[in-house]
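These notes are about the structure you will find just below.
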Amino acid sequence: MTAIIDMNDFSITYAGERGPVPAVRGVNLTLEKGRILGLVGESGSGKSSLVSAMLALLPKSAKVSGRLSIGADDLYALSEAQRRAMRGQRLATVSQDPFTALNPVIRIGAQLVEFQHRLKGISRSQKLERAREMLARVGISDPGTRLTQYPHQLSGGLRQRVAIAAALLVNPSILIADEPTTALDATTEAEVIEIIRELRGAVDGSIVFVTHDMGVVARLCDDVAVMYAGELVESGPVAEVLERPQHPYTRALLACDPARIETPSRSLPTIPGTVPSPHALPAGCIFSPRCGAVIDICRSVRPAFLPSDQSRVACHRTEAS
Ligand SMILES: Nc1ncnc2c1ncn2[C@@H]1O[C@H](COP(=O)(O)OP(=O)(O)OP(=O)(O)O)[C@@H](O)[C@H]1O
Ligand SMILES: [Mg+2]
């Protein structure tokens, strides 16, 4: 198996007004080529920060430490120019709001040609033809007409399909989708997820899909990584983690939502207590103040993120068993 993303003790700290914000701490995560990873966690757990780091799109106020490799390249050992080139060629993104990806005053066709500006040796008319084929591939009927239209002439679902087509036109080795269905109604959401599922064969690489929704993880993903307050608490194959969750946080998430697979919801279920602020992190295990299975060591020693069955889990209780 080839790791396409490999993160080792990777952390992100923002320079905030009230001092440093350690938004992501000590993440160890590997994604193999060809797989779809679901990244889940409550609001503020650091999902967008982590995928922005993968895309080399963090704001200037963010400092990173540890290692984040894309293929053989240590992303943050590269120059800014090399990182930018990597983003244009090997990484592509679909965001929550398809409007941000599309310019409202330029026709779809011209935009999809422009997205391919790094592809050498193909003429403009060939790029337009590639764009037309890609629109058809993401299930847009009459793609030739769509190419001549402006973004506002398309529904939200169609715009999101265009955004997916745009991302795929650069032949990325990694497609990163940060809650791409949040702005869509449930039917359109299901359609977009179906498209991504169908496209997985066409993407010569891997997909990272950020979501609040365990139902989406179950339907779409091969692997899942669960974040809590800036740390990865559990990761592994979807079948394993959803059937046999080992971390008390993952268990709580799933237990609060018994119908998780049949009726996907847009928000995570409620667990008693609140997520700690990055300014006041508890000692020991990050989840210990809310954990029903807490033991003494949890309040003083941070658990290591260790292999357990086919997963990796950061929990003293798993270590002990
Ligand atoms: N530019 C920034 N400057 C300072 N702090 C930031 C910045 N961006 C994010 N943060 C903080 O980092 C933490 C993680 O935020 P992030 O947006 O990555 O979480 P998230 O899991 O994507 O949340 P959501 O589900 O709401 O999208 C939060 O505490 C947030 O306030
Ligand atoms: Mg986010």
- Note on the structure: Going through segment 118-154 in order, the residues found to be over 23 Å from Arg200 (Cβ atoms), in contact (Cβ under 8 Å) with a residue 12 or more places away in the chain and not in a helix (DSSP H, G or I) are Arg118, Thr148, Gln149, Tyr150, Leu154
- When only residues in segment 60-74 that are touching a helix residue (DSSP H, G or I) at 6+ places or on another chain (Cβ under 8 Å) and modelled with pLDDT under 95 count, which is surrounded by the fewest Cβ atoms within 10 Å (Cβ to Cβ)? Asp73
- Note on the structure: Note on segment 28-48: residues within 15 Å of ligand 2 (Cβ to nearest atom) and either touching a Gly at 6+ places or on another chain (Cβ under 8 Å) or hydrophobic (A, V, I, L, M, F, W, C) (or both) are Leu39, Val40, Ser45, Gly46, Lys47
- Task: Check whether at least one residue in segment 169-182 is β-branched (Val, Ile, Thr) and surrounded by fewer than 18 Cβ atoms within 10 Å (Cβ to Cβ), and report yes or no.
- Result: yes
- Task: Go through segment 298-321 and count every residue that is touching a helix residue (DSSP H, G or I) at 6+ places or on another chain (Cβ under 9 Å), farther than 16 Å from Ile286 by Cα and part of a loop (DSSP other than H, G, I, E, B).
- Result: 2
- Note on the structure: Among the residues of segment 213-233, the number that are in a loop (DSSP other than H, G, I, E, B) and either touching a Cys at 6+ places or on another chain (Cβ under 7 Å) or surrounded by fewer than 19 Cβ atoms within 10 Å (Cβ to Cβ) (or both) is 1
- Message: Tell me yes or no: at least one residue of segment 27-42 is on the phi > 0 side of the Ramachandran plot, more than 13 Å from ligand 1 (Cβ to nearest atom) and either surrounded by fewer than 20 Cβ atoms within 10 Å (Cβ to Cβ) or charged (D, E, K, R) (or both).
- Response: yes
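Being on the phi < 0 side of the Ramachandran plot and either surrounded by 15 or more Cβ atoms within 10 Å (Cβ to Cβ) or in contact with a strand residue (DSSP E or B) (Cβ under 9 Å, 6 or more places away or on another chain) (or both) narrows it down to one of Arg84, Arg124, Arg118, Arg107, so name that one. Please lay out each step first, then the result.
Values: Arg84 fails: either surrounded by 15 or more Cβ atoms within 10 Å (Cβ to Cβ) or in contact with a strand residue (DSSP E or B) (Cβ under 9 Å, 6 or more places away or on another chain) (or both); Arg124 fails: either surrounded by 15 or more Cβ atoms within 10 Å (Cβ to Cβ) or in contact with a strand residue (DSSP E or B) (Cβ under 9 Å, 6 or more places away or on another chain) (or both); Arg118 fails: either surrounded by 15 or more Cβ atoms within 10 Å (Cβ to Cβ) or in contact with a strand residue (DSSP E or B) (Cβ under 9 Å, 6 or more places away or on another chain) (or both).
None of the other options fit; the residue is Arg107.
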- Task: Select, from Val217, Val233, Val224, the only residue that is under 17 Å from Leu29 (Cβ atoms), at pLDDT 90 or above, among the β-branched types (Val, Ile, Thr) and out of contact with any Phe, Trp or Tyr (no Cβ under 9 Å at 6 or more places or on another chain).
- Result: Val224
- Does any residue in segment 182-206 that is over 13 Å from Arg159 (Cβ atoms) come within less than 8 Å, Cβ to Cβ, of a residue that is modelled with pLDDT under 75 and of a type in the set (Lys, Arg) six or more places away or on a different chain, and which pairs are these? Thr182/Arg266
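The values are calculated or read from the model by the stated rules, or taken from the named source; none is laboratory data. Worth saying up front: this structure is predicted, and the values here are computed from it rather than measured. In this analysis, Cβ positions are derived from the backbone assuming ideal geometry, glycine residues included, and neighbour counts consider all displayed protein chains.
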